[in-house]
Amino acid sequence: QISLLIGFISVNNSSWTDYSAYSFFQIVTMCDLVMILFFYVMHIFRVYRKLTCVSWPLAEFLHYLVGTILLLIGSIVAAAKSYNITGLVAGATFGFLATILCVISMWSSYKVSCITQSTSKYH
């Protein structure tokens, strides 16, 4: 989440040359930040216990999957259109770092929720 925030701030404080590429990057980073915050709030207040009709592990997995793909696309476009402006290069770099961290988080979320549940059925 911190790498997303740093990438957003780096792009936001730089001079842009291609508005569509960087506004897409900013929208993707802000949507990811809001959704991560949403899942944290759901977990902290234990709302998932009251809303049992939603498969929360699946919702979290789909959030990370879609967010990671959009973040990867946004980072590639941002890196391609950076024109060696340091703030834009830093934003794209932190976007790639956030993509890698989202993949790790997605894998750990899948591993904890799905693999642990499937192995506990047989014991």
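The values are calculated or read from the model by the stated rules, or taken from the named source; none is laboratory data. All of these numbers come straight from a predicted model, not from anything done at the bench. We place every Cβ from the backbone using ideal geometry, glycine too, and count neighbours over all the protein chains shown. Ligands, DNA and RNA are excluded from the accessible area calculation, which covers all protein heavy atoms including side chains. Shrake-Rupley method; radii C 1.70, N 1.55, O 1.52, S 1.80 Å.
Values computed for the structure shown
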{"item": "Given charges at beta-carbon only (K, R positive; D, E negative), |dipole| of the chain in Debye", "result": "480"}
{"item": "Longest exposed-site-free window of the chain, the sites being trypsin sites (Lys or Arg not before Pro) in a DSSP loop that have at most 16 other C-beta atoms within 10 Å", "result": "51-120"}
{"item": "Solvent-accessible surface (1.4 angstrom probe) belonging to Phe94, in square angstrom, nearest 10", "result": "60"}
{"item": "Dipole axis of the chain (+1 Lys, Arg; -1 Asp, Glu on Cβ), positive-most option in Tyr19, Phe8, Thr68", "result": "Thr68"}
{"item": "Heavy-atom accessible area per residue - the chain, 1.4 Å, Å²", "result": "63"}
{"item": "Between helix 2-12 and the chain: long-axis angle, C-alpha atoms, 0 to 90°, nearest 10", "result": "30"}
{"item": "Fraction of accessible area attributable to carbon and sulfur, the chain (%, probe 1.4 Å)", "result": "72"}
{"item": "Cut-off 15 Å (backbone N to label point 7 Å along Cα→Cβ of Met35), residues of segment 56-79", "result": "56-75"}
{"item": "In degrees, nearest ten, helix 19-44 long axis to first principal axis of the chain (Cα)", "result": "30"}
{"item": "Rounded tilt (10° steps) of 86-110 against the dominant C-alpha axis of the chain", "result": "10"}
